[in-house]
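Data block below; observations after.
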Amino acid sequence: MPKKVTKAIFPVAGLGTRFLPATKSVPKEIMTLVDRPLVQYAIDEARAAGIKEFIFVTSRGKGALEDYFDHSPILEQELRKKGKDDLLAILKNTNMDSGEIAYIRQHKALGLGHAVWCARRLIGNEPFAVILPDDVIAAEKPCLQQMVEAYQETGGNMVAAMEVPPEKISSYGVLDVKEDKGSIVSVKGMVEKPPADQAPSNLAVIGRYILSPSILQNLNKMKSGAGGEIQLTDAIAQEINNPDGQGVFGYRFRGQRFDCGSKAGFLQATVSFALSRADLRDDLYRYLQEVVEIDQAAQ
Ligand code: G1P
């Protein structure tokens, strides 16, 4: 039985330039889907999967993230005075116990592999999860929880995977499949952002990983790869041919993934999450219908 996964790394050092000017002063991860920041979705998913230690790899200008997970005594006192217990309960979900959360700075933007490597001393010699908060996944059973369960059978290294259209494949890490067993695939190769005509499949890596500590050793020796950055994909791919390694698996999760690193994906997630909320659904649905009707009439 593989060791339990209790630590997760959240790489949040990116500049978020695709969302400028908003991200000039607000970290991208604090931007909200309906009324919760992106990062809250990631934390909730990690908790559901049994994660107990949350490691954020940040960069300059991400102070708002630390404040977000802190207690807010004045606000809490004010809400208590006014008897707003419902709002206090909402805030409670955002608080972390002391020692539960750690922040490490990535001092140079050297890539996702480098960001994960920055957390190596906090991980030590145990398996760990990585969650990219940009990839928001709506699912009945949270994606990382599905993966932790599958990982109990496979051990080794596991990445979330999803088929994407051929014209989009060059934006992802891509799996070369050895054996396809439905939700779990074993992997014989992995390549970061290949040109479409060189992609080994259309099965893309999505931002959820369960990794063995040997990945951190691989990252110790890593040179830059695609885009001149130190790639996590390359460090995972090294495990495929490691005679002492336990292999690499892709996991086709059940759920809907939104690419909240792009404006279109962010908007789609906003609409989808709002429609799933009883307090917002009817009004928004009616409004969307109106918009479509007006648009169709104008054509
Ligand atoms: C990162 C990974 C890539 C993965 C993607 C999923 O790329 O490097 O392998 O497919 O996340 O969202 P990024 O989107 O940060 O360029």
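Remarks
- Per-residue [θ]222 nm for the chain (sum of -39500 (n - 2.57) over DSSP H runs n ≥ 4, rounded to 500): -9500 deg cm²/dmol
- Relative to the longest principal axis of the Cα atoms of the chain, the long axis of helix 143-154 lies at roughly 20 degrees.
- The Cα-based radius of gyration and maximum Cα-Cα distance (Dmax) for the range 112-184 are 14.2, 39 Å.
- With every protein chain in place, the chain: carbon and sulfur % of accessible area (1.4 Å): 51 percent
- Its alpha carbons give the range 18-68 an Rg and a Dmax of 11.9, 36 Å.
- Remark: the chain carries 53 Å² of accessible area per residue (probe radius 1.4 Å; ligands, DNA and RNA excluded).
- Restricting the range 48-98 to trypsin sites (Lys or Arg not before Pro) in coil, as DSSP defines it, with at most 14 other Cβ within 10 Å: Lys52, Arg60, Lys82, Lys84
- Taking amide hydrogens as placed 1.01 Å from N in the peptide plane, the amide H of Lys188 sits under 5 Å from those of Asp176, Val177, Lys178, each at least 5 positions away in sequence or on another chain.
- Crossing angle, helix 263-275 versus the chain [Cα axis fit, 0-90 degrees, rounded to tens]: 60 degrees
- Volume per residue of the C-alpha convex hull in the range 153-205, rounded to whole Å³: 72 Å³
- Over the range 214-299, equivalent-ellipsoid semi-axes from the Cα gyration tensor in Å: 45, 16, 11
- Averaged over residues, the count of other Cβ atoms within 10 Å places the peptides 217-230, 140-153 in the sequence 140-153, 217-230, highest first.
- Calculated SAXS-style log₁₀ I(q)/I(0) at q = 0.21, 0.26, 0.28, 0.30 Å⁻¹ - the range 103-144, Debye, Cα scatterers: -0.83, -1.01, -1.06, -1.12
- Exceeding the 28 Å Cα-Cα cut-off - candidates Lys52/Lys178; Lys4/Lys84; Lys28/Lys141; Lys141/Lys221; Lys181/Lys223: Lys52/Lys178; Lys4/Lys84; Lys141/Lys221; Lys181/Lys223
- Equivalent-ellipsoid semi-axes of the range 76-231, from the Cα gyration tensor, Å, largest first: 33, 21, 17
- Computed over the chain, relative contact order equals 21 percent, with contacts defined as Cα pairs under 8 Å that lie 6+ residues apart.
- Stokes-Einstein, applied to the Kirkwood radius of the range 2-130 over Cα pairs at a viscosity of 1.002 mPa s and 20 °C, places its translational diffusion at 135 µm² s⁻¹.
- A quarter of the convex hull surface defined by the alpha-carbon atoms of the chain gives 18.5 nm² as the mean projection.
The values are calculated or read from the model by the stated rules, or taken from the named source; none is laboratory data. Quantities reported herein were computed from a predicted structural model and do not represent experimental measurements. When we count neighbours, we look across all protein chains shown, and the Cβ atoms used for this are built from the backbone with ideal geometry, even at glycine. The protein model used for the area step is the full one, side chains on, heavy atoms only, and it has no ligands, DNA or RNA in it. Shrake-Rupley method; radii C 1.70, N 1.55, O 1.52, S 1.80 Å.
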